[in-house]
């Protein structure tokens with residue numbers, strides 16, 4: 001791991017319960033994420049120094065893109081997923097945020113294809129994305 005292990009632990013303390021909530025209720029607890037956004041910024045400042053405003057903009061860019069997609073293409077992905085990506089950006093650098101999202105999409109696509117092939121899902125079936133994003137973050141923790 002290239003990061004302080006405490007940052008990964010704090011990130012997972014937020015993401016794992018949020019993932020379980022998303023699986024159970026098919027929504028993300030936005031208050032929980034909103035409270036943890038400033039906590040992520042503070043944690044990063046304490047553990048590795050305060051990033052510049054421009055660095056935070058770069059870190060937040062993937063989350064902003066996902067929020068935009070959620071707004072423009074209603075139903076494809078939820079705004080909560082974009083907010084979670086913003087939270088991840090408070091703790092991880094841009095490359096790790098992108099890799100986490102990439103691995104999350106790949107894992108979700110594999111899961112969706114398996115469920116389609118098994119006849120459990122139809123093409124329009126919605127399922128929680130946050131657990132796959134959390135797995136993407138875990139994978140990045142080992143890279």
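Quick note: the coordinates plus some simple rules give every number you see, no bench work behind them. Given the structure is predicted, the values throughout are model-derived calculations rather than measurements. Cβ: placed from backbone, ideal geometry, glycine included. Neighbour counts: every protein chain shown.
Worth pointing out:
- Between helix 53-72 and the chain: long-axis angle, C-alpha atoms, 0 to 90°, nearest 10: 20 degrees
- Between the helical axis of 130-141 and the longest alpha-carbon principal axis of the chain there is an angle of about 50 degrees.
- Cα Rg over Rh - the stretch 5-141, Kirkwood: 0.98
- Packing-based ranking, highest mean first, of 100-107, 120-127 given that Cβ atoms within 10 Å are counted: 100-107, 120-127
- Sequence-separation-based contact order of the stretch 12-143, relative, with Cα cut under 8 Å and 6+ spacing, percent: 30 percent
- Separation of the residue 5 and residue 125 label points, Cα + 7 Å toward Cβ, nm: 3.9 nm
- Helix axis angle, 5-25 relative to the chain longest principal axis, alpha carbon, degrees: 30 degrees
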